[in-house]
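These notes concern the structure reproduced below.
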Amino acid sequence: MVVIEVFTPVVQRILKHNMDFGKCPRLRLFTQEYILALNELNAGMEVVKKFIQSMHGPTGHCPHPRVLPNLVAVCLAAIYSCYEEFINSRDNSPSLKEIRNGCQQPCDRKPTLPLRLLHPSPDLVSQEATLSEARLKSVVVASSEIHVEVEHTSTAKPALTASAGNDSEPNLIDCLMVSPACSTMSIELGPQADRTLGCYVEILKLLSDYDDWRPSLASLLQPIPFPKEALAHEKFTQELKYVIQRFAEDPRQEVHSCLLSVRAGKDGWFQLYSPGGVACDDDGELFASMVHILMGSCYKTKKFLLSLAENKLGPCMLLALRGNQTMVEILCLMLEYNIIDNNDTQLQIISTLESTGVGKRMYEQLCDRQRELKELQRKGGPTRLTLPSKSTDADLARLLSSGSFGNLENLSLAFTNVTSACAEHLIKLPSLKQLNLWSTQFGDAGLRLLSEHLTMLQVLNLCETPVTDAGLLALSSMKSLCSLNMNSTKLSADTYEDLKAKLPNLKEVDVRYTEAW
């Protein structure tokens, strides 16, 4: 009661006036400690919530314009203090770009504190693995209403890269030379820092619930003012997701436009919370919400669609495959505006659309307006196909049952969630010559089935799959194999010698991180 009765009027005066915390940092610290003291009471966040309500006022519009920016400044300083120990003690702290790419740097990085950097799921198969020569280029696609950053990743050495809409599909032979990813690390805050973080993230969530404060809050948070250690902390990004969702649900352009980057060369919340972003922890639900609100206002432009096609085509196709209407509409618009130049990618989009009822209906309406699409489909199915990351056996079955894939020669299922159960669909692809199963759950049972039917297979990537000698021995019947990646599998030296003796055409082999290495 002493805290509430004595210090509340003082803190109210601080927050309501045009306070310069840069010149008076102790007043900011005083306010921060006052809020933490409220949070330590028995009622906890309920007391803090009532305090925030008293600062806003009973009406729908807060009469004090300085309250929101002052509260946000206090929150940012408090959240920064939670990670200050990490920030000050780690000379080799990774950059945000390293965090976004799973901190895939040489394994000799030795942090002084345990720090786990989230490993984002790659879009399509466009993800490198532990290459210190990795370079990042930023391309800005601009329209009259919007600036969207598109991240392109290129490597100086052969790596598993793919860009939707062009011919740079992954070369599976090049993939044989890519080493497996480094193990990840973990951020753990102390009890006091954890309570502080929970309190001030909850305050940001409370601030985002007020309609009159939301535009200014979105503008203040648009430059992403949090330290990179916070963005690598799963608990923080999960809690902050509520605030980003509130921005995505707001119909006002001045609010949801703040999801995008503030300027070229920086990530925005749209990038961080979309599949492949460092903060994404779902299958694209928030991404779909953000795209829906952006497309539903003034952003239905060719350049915005181009940015999605360049950087997020994989998640768009996966969500469309699962019946998301917004993504179905986006894929139709990409075809209508001729965003995709590659015929194989166009055919994959068509197959995705035809796999669901809503997609089939929208695609038929599109074909009535676009005769060229009908002509493209008559030429047969694609020769190359890349399933989006996180796709399941059901997604693959749904896609392969939606059209003709008799011409398919190159199939990449890398970084998906497929298992041996999908083998019964793979054996129905008569022209298949290259198959990439990198980092999937495809096991021995599926391998034995493939060896009985896909005798013409030439390139097979089993890197980081749970296959063992029991399944790998079956490959001896696939006499056409010329490239085989068994990196990071349970291959034994005896089985490797047996395969070399029975596969005369085998020229490219990767057995690193196995017993045979």
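The values are calculated or read from the model by the stated rules, or taken from the named source; none is laboratory data. For clarity, every value in this text was computed on a predicted model and none was experimentally measured. Methodologically, a virtual Cβ is constructed for each residue, glycine included, from the backbone with ideal geometry; neighbour enumeration extends over all protein chains shown. These area figures cover heavy atoms from the full protein model, side chains too; ligands, DNA and RNA do not enter into them. Shrake-Rupley method; radii C 1.70, N 1.55, O 1.52, S 1.80 Å.
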Unique match (being buried (at least 19 other Cβ atoms within 10 Å of the Cβ), assigned by the TED database to the domain that holds PRO215 and either modelled with pLDDT of 95 or more or assigned to a helix (DSSP H, G or I) (or both)) among LEU29, LEU38
LEU38
Restricting attention to segment 427-441, which residues are under 28 Å from the mean Cα position of the chain (by Cα) and open to solvent by 10 Å² or more (accessible area, probe 1.4 Å)?
GLN434, SER439, GLN441
Go through segment 452-469 and count every residue that is at pLDDT below 90 and touching a Lys or Arg at 6+ places or on another chain (Cβ under 8 Å).
2
Only one residue in PRO225, PRO251 is open to solvent by 60 Å² or more (accessible area, probe 1.4 Å), touching a residue at least 12 places away in the same chain (Cβ under 8 Å), out of contact with any Cys (no Cβ under 9 Å at 6 or more places or on another chain) and assigned to a loop (DSSP other than H, G, I, E, B), so which one is that?
PRO251
Filter result (open to solvent by less than 10 Å² (accessible area, probe 1.4 Å) and not hydroxyl-bearing (Ser, Thr, Tyr)) within segment 382-399:
PRO382, LEU385, LEU387, PRO388, ASP395, LEU396, LEU399
In segment 46-85, which residues are open to solvent by 40 Å² or more (accessible area, probe 1.4 Å) and not in a helix (DSSP H, G or I)?
PRO58, THR59, GLY60, HIS61, PRO63, HIS64, PRO65, ARG66
Does ASP211 fit the bill of being modelled with pLDDT under 90, open to solvent by 60 Å² or more (accessible area, probe 1.4 Å) and not aliphatic (A, V, I, L, M)?
no
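Answer with yes or no whether ALA445 is touching a helix residue (DSSP H, G or I) at 6+ places or on another chain (Cβ under 7 Å) and open to solvent by 10 Å² or more (accessible area, probe 1.4 Å). Give the steps one after another, and end with the answer.
On the way: touching a helix residue (DSSP H, G or I) at 6+ places or on another chain (Cβ under 7 Å): yes; open to solvent by 10 Å² or more (accessible area, probe 1.4 Å): yes.
So ALA445 passes the test.
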Can you give me the number of residues within segment 285-332 that are under 20 Å from SER402 (Cα atoms) and of a type outside the set (S, T, N, Q)?
17
Would you confirm whether any residue within segment 491-508 is within 31 Å of the chain's Cα centre (by Cα) and either among the small types (Gly, Ala, Ser) or closer than 28 Å to ASP344 by Cα (or both)?
no
Please pick out the residue among GLU452, GLU424 that is touching a Ser or Thr at 6+ places or on another chain (Cβ under 9 Å), among the acidic types (Asp, Glu) and surrounded by fewer than 19 Cβ atoms within 10 Å (Cβ to Cβ).
GLU452
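Please go through segment 400-458 and pick out each residue that is among the basic types (Lys, Arg) and within 20 Å of LEU472 (Cα to Cα).
Listed by number, the residues that qualify are LYS433, ARG448.
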